[in-house]
Each structure stands twice: as C-alpha cells, then as structure tokens.
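The values are calculated or read from the model by the stated rules, or taken from the named source; none is laboratory data. Computed from a prediction, not measured in an experiment: that's the story for all the values here. Quick reminder, even Gly has a Cβ in these numbers, built from the backbone with ideal geometry, and neighbours come from all protein chains shown.
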Amino acid sequence: MNADQNKFLFLLSVILVTILITEPHESYARPLSSTYDWVKVDASSALDQTVAQNWITALDEAIDYLPEDVVKIIRGQSGLNITIITESNSCVNGYANGGGVAFNTKPADTGCPFNWIPLIQDGFSHNEMVYVALHELAHYYFFYSTEDGKTLKVFLETVAERGAIEPGGEKIVWRELPATIYPILTPGWQIHEDVAEAFSIYVMWPDILKKNHPIRYAFMKKVFGREYFLRVPMPDSIKSRLTYNPNKR
Ligand SMILES: [Zn+2]
C-alpha cells in the first residue's frame, strides 16, 4: 500500500466515523416536529408517534399551499399551537379554537350524526389528513386567529347575512344553495363549516368547487389571491360528503 492509498483509507475512515456520530439514532424518540419553527406541537407520549408525525407532515403540506398573507395571520405573534389527540368517542377529525388547532387521530366511525363515509374508515390517508389540516386552518384563520381574526369574523358574518361590499366596491356574496356540506347544522355553525370546507376544497379539488359552487369559488379566489391546479385524487369519504343529502338519511 503506498502513501496515497493510506491517506485515502484514513480519510475514508474519518468520514465514516463522522457519519456514524452525527446520524440520529432511531432508538432515541425523535421529538415531533414541523418544518415551520412557529408550529408548536403538543402530543401525548402515549400516542403513536409515527401517526402523530404523519399529521404534522400533512399540516406542513397544507401550510405550504397557503399564500404568505394567510400564513402570516395564522402564524400570528406567537405561532400556532397544534395538539394531537385521540378521542375515540368524538366524531370530529379535528377542531380549532382561540388556543390553536387539534387533530383527532382516532375519531368515532359509528354513531355520528352524518351518514357519509367517515375519514377514519380504512385509516386516514395522507390526502385526507391534508384536507382536515386545511379545514381546521380555515377555522383558525377566519374565526380565531388573534390579530386579524375579529375583522374576518365580522366580515364573514356580514357575507353570511346579506352578501358584502368589498372596499373596492365589487359585490361578493357567500350564500349559495345547496351549502357545500353540513346543511343540517344550525345557521350559526353552518357558515363556519361551509367556509372551512370551501377553503380546503378550493386548494385540493378546485375544479369541483368551481363547477358546483362558483360563488364560493370566487370568494376563495379573493381570499387566496391565486388559483390552484393540483391533481389530487378525491377520496371516497370526501365524495360522500359533497353528495350528502340530509333528506335521504
Ligand atoms: Zn369544521
């Protein structure tokens, strides 16, 4: 072996040892993390950490889709709190409130008030999780984000009641029948769910919103300031929501 070969082998072993030292060891539980440092995750250690991380990955993808000004409001001064829960006696896949957003990894799949296919049936697919993440982010953005939330809430209530006049003078209306989904909820909540559904469908299945709910589509186009051209297959669970008829229960 000549000097050059020795030098090469020495360097190779240094590189290998460095890789071994710096590579994270799978045996240590890695903390759940978002690619966004302002997303603060709270998940019980009793939860399946892989499942919890899948939800965070779906959330990251949902945030990736959103325009900067929407993300800025969601991020707020102090970031977004995300809680990963397992509430098997609850029918909700997630919820949002002033404290942030929660995702339910194991909602009930029977005994729920709606007869559409539950998302949890066959387990949540990645696209179903992204859809839930967008839906909950919409609740948070429109109704609970601290900085601009109040303005948006008043604006949306106005839209819900009688259509609204934008500062530019162009009339935009929200009410359009049939409602996207949740048509049997009380009017006060219907607007919340309707807005959240339209928001997530606008991003993931824009053609469907545009075709069936052109007024909502136009409204979301103003909110987003852009259009989407994703080609994501629609899961049967979402299809069953969109064609849901409360009179055929
Ligand atoms: Zn909702």
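Here are a few things to note about the model shown:
- Applying the set (1) part of a helix (DSSP H, G or I); (2) charged (D, E, K, R); (3) touching a strand residue (DSSP E or B) at 6+ places or on another chain (Cβ under 6 Å) to ASP64 leaves exactly one unmet item: (3).
- Filtered by the rule that a residue be in contact (Cβ under 8 Å) with a residue 12 or more places away in the chain and more than 13 Å from the chain's Cα centre (by Cα), the range 58-69 gives PRO67, ASP69.
Conditions (1) more than 12 Å from the ligand (Cβ to nearest atom); (2) at pLDDT 90 or above; (3) of a type outside the set (Asp, Glu), marked per residue:
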| site | (1), (2), (3) |
| --- | --- |
| ALA102 | no, yes, yes |
| LYS106 | yes, yes, yes |
| ASP109 | yes, no, no |
| ASN115 | yes, no, yes |
| GLN121 | yes, no, yes |
| SER125 | yes, yes, yes |
| ALA133 | no, yes, yes |
| TYR140 | no, yes, yes |
| PHE143 | no, no, yes |
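- Members of the range 102-116 found to be within 21 Å of THR57 (Cα to Cα) and either surrounded by fewer than 17 Cβ atoms within 10 Å (Cβ to Cβ) or without any contact (Cβ under 8 Å) to a residue 40 or more places away in the chain (or both), listed by number: ALA102, ASN104, LYS106, PRO107
- Test result for TRP55, of a type in the set (Phe, Trp, Tyr) and in contact with a Gly (Cβ under 8 Å, 6 or more places away or on another chain): no
- Note on the range 67-92: residues that are among the polar types (S, T, N, Q), in a strand (DSSP E or B) and within 16 Å of the ligand (Cβ to nearest atom) total 1.
Listed here are the residues, each with its yes/no results for (1) surrounded by 14 or more Cβ atoms within 10 Å (Cβ to Cβ); (2) more than 15 Å from the ligand (Cβ to nearest atom); (3) charged (D, E, K, R); (4) under 22 Å from ALA96 (Cβ atoms).
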{"site": "VAL195", "(1), (2), (3), (4)": "yes, no, no, yes"}
{"site": "ALA198", "(1), (2), (3), (4)": "yes, no, no, yes"}
{"site": "TRP205", "(1), (2), (3), (4)": "yes, yes, no, yes"}
{"site": "LEU209", "(1), (2), (3), (4)": "yes, yes, no, yes"}
{"site": "TYR217", "(1), (2), (3), (4)": "yes, yes, no, no"}
{"site": "ARG226", "(1), (2), (3), (4)": "no, yes, yes, no"}
{"site": "PHE229", "(1), (2), (3), (4)": "no, yes, no, no"}
{"site": "MET234", "(1), (2), (3), (4)": "yes, yes, no, no"}
